[in-house]
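J.: What follows is a single structure, and I will ask about it in a moment.
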Amino acid sequence: MKRLLKVLKIIALSILALLLLSAIGLLLFYQSIYTETPLPPKTVSKVTLNTSYKSDKPILLPVPQSVEWTDKHFTFPAIIRFNAPAEDVEIIRKICMNHLNTNAEANTSGSIKFIKNKALETQAYYLSVQPGQIKIEYNSQEGLFYALTTLKQLAKQSNNQLPCVEIKDKPDLQVRGALLDISRGKIPTLQTLYSIVDFLSDLKYNQLQLYIEGFPFAYPSFKNLWEKTETPLTPEEIRQLDAYCRDRFIELVPNQNSLGHMDAWLAKEEYRSLAECPEGYKLLGLIETKSTLSPTNPKSLELVKKMSEDLLPNFTSTQFNVNLDEPFELGKSKEHPASPQEVGKMYLNYVKQLNSYVNSKGKTMMMWGDVLTNNPEIIPEIPKNITLLEWGYEAVHPFNKYCARNQKAGFKYMVCPGTNTWTSFTGRTNDMMGNVENAVGNGIKYGATGMLMTDWGNTPHLQYLTVSYAGLAYAAALSWNFESKNQVALGDYLSKAVFKDTTGRMGNLVLEAGRYNQFEEYPMLAMTTTGMSYLFGFMDKTMMDAISRKMQKGIFEFITDVDYKQFYLKGFKNPKVYNASAILNFVDTLEQQLLVTHLQTPESNLVLDEYKNGLRMVKLGARLKQYNNYHLQQADSINKIILTEMKLLCPAILQEHERLWMNRNKKSGLDQSMESIKKLQVQIDKELELLNKNGITRWLHRTGEKLISAAAVLYFRS
């Protein structure tokens with residue numbers, strides 16, 4: 001017995017010695033990789049906003065192809081009396097009522113004359129405003145609608161004293177669509193969707209898609225999967241929205257992911273067996289995911305068909321976007337791994353099966369083009385009746401190469417830029433504008449049929465609706481008249497036509513709010529690094545650096561273009577110092593400017609409050625980055641100041657976020673959207689509690705942090 005105890009004692013001491021040596025080794029390793037973060041340069045982050053409009057004329061957006069102003073005016077009547085071809089009288093009355101919010105009566109001596117002109121293109125129109133009469137020429141109801149839309153802009157911005165003008169107009173791209181993500185928790189109410197449609201119709205959009213993955217739609221056949229946890233859009237609400245869109249010449253296209261992004265379905269017990277990787281997959285080497293259906297399992301297609309049977313009857317559109325993007329796990333199953341060539345064939349076979357089904361429903365299929373980029377060998381076999389959606393959300397995305405490829409392959413395709421609002425709180429203005437110019441310019445050059453401006457959420461979906469207005473307006477402007485890009489007064493349009501700001505500030509303030517990322521380390525793909533900080537919370541800088549490098553490496557697995565890679569690689573290899581002070585000063589200036597704006601719309605207070613809370617989120621992210629970068633190398637008194645400010649920001653953001661959310665959206669998803677901030681609250685309290693303890697306790701805790709960080713770095717490097 002004594003001998004056994006002696007052996008056990010030796011084993012225990014050996015284990016302790018091994019643990020001690022391991023700890024010492026990890027601490028030495030930590031010291032070898034830890035470097036202090038240099039202080040950022042002192043930067044004066046000035047914001048200069050216009051306080052008056054550049055012109056007293058109405059700001060037309062999209063800018064018409066030809067505009068000639070004259071000095072006289074036409075007084076727009078309270079009741080429109082018009083002369084028109086008999087077959088169009090009712091549609092004119094309907095447009096005036098629904099779109100211009102005014103009554104209209106047919107009268108042969110009316111002051112507005114409508115003329116059918118078969119020589120004009122389908123969506124083209126001619127508008128002449130003279131002191132005694134308005135003349136509108138059109139070839140189709142769409143052209144008629146767009147002429148009245150321009151008339152609406154003239155009337156609303158001139159208090160019904162329309163300046164006389166001659167306008168000849170038609171769009172560069174026949175399809176101008178918007179995609180709204182309703183699947184990352186934030187599901188707009190029907191009234192919010194109506195307001196979005198009104199906003200889009202004023203900008204001459206003619207297509208809308210609501211992106212669906214998971215359960216933002218109330219699938220009748222799967223009620224047991226969502227009724228206790230979700231507040232989705234119902235079939236009846238979709239039908240009402242479809243009718244509302246039709247009245248405004250917008251096609252509501254059904255949209256449903258049907259291969260990747262199936263996380264919510266595969267998390268259910270009934271459908272776990274349909275996953276391509278039932279054991280899960282680490283996206284970017286970091287994020288555990290199970291999101292892709294197995295395309296070789298017949299039950300996968302059966303599920304998608306059943307979902308579609310529930311969804312499609314609620315739409316009058318003859319198109320269906322089945323998505324099929326980002327099937328991350330495809331071919332990566334441990335049991336049935338596949339070569340890149342086999343992956344391409346699997347995907348192609350699934351595309352063909354799904355396309356046949358969609359066609360059998362009397363609809364044409366739309367799908368994203370990213371898998372084709374990675375598997376170009378299948379391009380010749382993709383059915384040519386599919387509309388390809390060529391997407392990319394950065395200013396440097398190689399649209400030129402992919403658009404040229406699509407044209408050569410004979411695809412009908414659309415270019416798909418993005419509002420660049422997600423994981424940024426207030427947007428990424430320069431990226432958005434460059435992205436739209438790149439996408440639309442190359443789409444026109446290489447024969448695209450249209451443009452689809454995407455407005456994604458992310459987990460969490462924290463940006464507010466109004467942050468997306470700038471991107472939606474800019475995409476509308478350029479897809480209608482690309483050559484106007486140097487004439488587009490985007491900020492002034494938003495101020496005057498959207499926010500009705502008498503000070504002329506708000507539109508340009510919105511654009512400036514999306515430029516705080518100029519003070520970050522490098523351009524980050526699809527987000528700001530300030531926004532990215534919410535994903536990880538409090539973290540030792542050494543571990544954060546290792547995670548960032550792992551993410552950067554993972555990003556390059558999805559980027560195949562050499563020039564595209566080089567752009568991001570340059571930033572990753574030569575990062576600037578994150579300048580939290582400059583961001584905070586920048587945001588403070590914008591907050592002061594918000595206080596002196598004077599908006600005159602029914603939702604003025606809501607819009608201002610949304611931007612105030614968005615700026616608070618930027619502040620919180622900047623302080624978090626600042627703390628993570630410097631807390632080990634600066635005095636605890638400074639750490640307490642930063643933590644105390646963060647502690648005050650969190651409840652203010654959460655309380656306001658809940659109120660603002662419920663003004664525009666259904667409830668499900670609200671709690672999820674606040675999780676990262678609530679997690680920060682707990683971490684802040686723990687950090688403050690630690691700083692109030694004695695020196696030995698703080699030293700032991702920091703040593704533990706270093707051990708964990710060193711071990712994590714070794715893991716990420718393995």
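J.: Consider TYR564 against the criteria (1) within 20 Å of VAL467 (Cα to Cα); (2) among the aromatic types (Phe, Trp, Tyr); (3) touching a Pro at 6+ places or on another chain (Cβ under 7 Å): it satisfies all of them except one. Which criterion is unmet?
T.: (1)
J.: Do any helices (runs of 4 or more DSSP H) entirely within segment 463-526 hold 3 or more residues that are within 21 Å of the chain's Cα centre (by Cα), and if so, which?
T.: On the way: elements: 469-480, 490-493, 506-513.
Counting at least 3 such residues, we get 469-480, 506-513.
J.: Here's another thing I want to ask about it. Sort out which residues of segment 259-296 are over 15 Å from PRO327 (Cα atoms) and more than 25 Å from the chain's Cα centre (by Cα), and write them in order of number. Give the steps one after another, and end with the answer.
T.: Start the filter on segment 259-296 by keeping residues that are over 15 Å from PRO327 (Cα atoms), which leaves 267-273, 279, 285-286.
Once the filter is applied, which keeps residues that are over 15 Å from PRO327 (Cα atoms) and more than 25 Å from the chain's Cα centre (by Cα), segment 259-296 yields LYS268, GLU269, GLU270, TYR271, ARG272, SER273, GLU279.
J.: Consider VAL440 carefully, then state whether it is farther than 30 Å from LYS42 by Cα, assigned by TED's automatic domain parsing to the domain that holds LEU210, modelled with pLDDT of 95 or more and of a type in the set (Val, Ile, Thr). First the steps, then the outcome.
T.: Values: farther than 30 Å from LYS42 by Cα: yes; assigned by TED's automatic domain parsing to the domain that holds LEU210: yes; modelled with pLDDT of 95 or more: yes; of a type in the set (Val, Ile, Thr): yes.
The answer is yes for VAL440.
J.: While we're looking at this one, here's another question. So PRO77 ticks every box in (1) in a loop (DSSP other than H, G, I, E, B); (2) more than 19 Å from ASN159 (Cα to Cα); (3) not acidic (Asp, Glu) but one. Which box is left unticked?
T.: (2)
J.: Report whether or not GLY427 is under 18 Å from ASP181 (Cα atoms), of a type in the set (Gly, Ala, Ser) and out of contact with any Asp or Glu (no Cβ under 9 Å at 6 or more places or on another chain). Walk me through how you get there before you give the answer.
T.: Numbers: under 18 Å from ASP181 (Cα atoms): yes; of a type in the set (Gly, Ala, Ser): yes; out of contact with any Asp or Glu (no Cβ under 9 Å at 6 or more places or on another chain): yes.
When the stated conditions are applied, GLY427 passes them.
J.: Filter segment 106-141 down to the residues that are among the hydrophobic types (A, V, I, L, M, F, W, C) and either free of Cβ contacts under 8 Å to residues at least 24 places away in the same chain or not in a loop (DSSP other than H, G, I, E, B) (or both) and list them by number.
T.: Kept after step one, since they are among the hydrophobic types (A, V, I, L, M, F, W, C), are these residues of segment 106-141: 106, 112, 114-115, 119-120, 124, 127, 129, 134, 136.
If the condition is that a residue be among the hydrophobic types (A, V, I, L, M, F, W, C) and either free of Cβ contacts under 8 Å to residues at least 24 places away in the same chain or not in a loop (DSSP other than H, G, I, E, B) (or both), then ALA106, ILE112, PHE114, ILE115, ALA119, LEU127, VAL129, ILE134, ILE136 are the ones that fit.
J.: Of the conditions (1) under 12 Å from the mean Cα position of the chain (by Cα); (2) among the hydrophobic types (A, V, I, L, M, F, W, C); (3) more than 20 Å from ASN321 (Cα to Cα), ALA404 fails just one. Which one is it?
T.: For ALA404, the failing item is (1).
J.: Something else now. Only residues in segment 20-37 that are under 22 Å from GLN634 (Cβ atoms) and at pLDDT 85 or above count as the first member; pair them with residues that are of a type in the set (Ser, Thr, Tyr) and surrounded by 10 or more Cβ atoms within 10 Å (Cβ to Cβ), Cβ under 7 angstrom, at least 6 apart or cross-chain, and list the lot.
T.: TYR30/THR542; TYR30/SER709; ILE33/THR542; TYR34/THR542; THR37/TYR630
J.: Check every one of the helices (runs of 4 or more DSSP H) wholly within segment 634-718 and list those with 3 or more residues that are small (Gly, Ala, Ser) and over 25 Å from the mean Cα position of the chain (by Cα).
T.: Values: elements: 636-664, 670-691, 695-717.
Filter on segment 634-718 gives 695-717.
J.: Limited to segment 411-452, what total is found for residues that are over 25 Å from PHE586 (Cα atoms), among the aliphatic types (A, V, I, L, M) and either in a loop (DSSP other than H, G, I, E, B) or out of contact with any Ser or Thr (no Cβ under 7 Å at 6 or more places or on another chain) (or both)? Don't jump to the end; show me each part of the working.
T.: Residues of segment 411-452 that are over 25 Å from PHE586 (Cα atoms), as a first pass: 411-417, 436-452.
Okay, now just the ones that are also among the aliphatic types (A, V, I, L, M), so 414-415, 436, 439-440, 444, 448, 451-452.
With either in a loop (DSSP other than H, G, I, E, B) or out of contact with any Ser or Thr (no Cβ under 7 Å at 6 or more places or on another chain) (or both) added as a condition, the list becomes 415, 436, 439, 444, 448, 452.
Residues meeting the conditions: 6.
J.: Moving on. When you look at LEU330, is it within 28 Å of the chain's Cα centre (by Cα) and either in a loop (DSSP other than H, G, I, E, B) or more than 16 Å from MET367 (Cα to Cα) (or both), yes or no? Even if it seems obvious, please write down each step before you answer.
T.: On the way: within 28 Å of the chain's Cα centre (by Cα): yes; either in a loop (DSSP other than H, G, I, E, B) or more than 16 Å from MET367 (Cα to Cα) (or both): yes.
Taking the combined requirement at face value, the residue satisfies it.
The values are calculated or read from the model by the stated rules, or taken from the named source; none is laboratory data. Treat the numbers as computed from the prediction; the structure is a model and nothing was measured. Cβ atoms come from the backbone with ideal geometry, glycine included; neighbour counts cover every protein chain shown.
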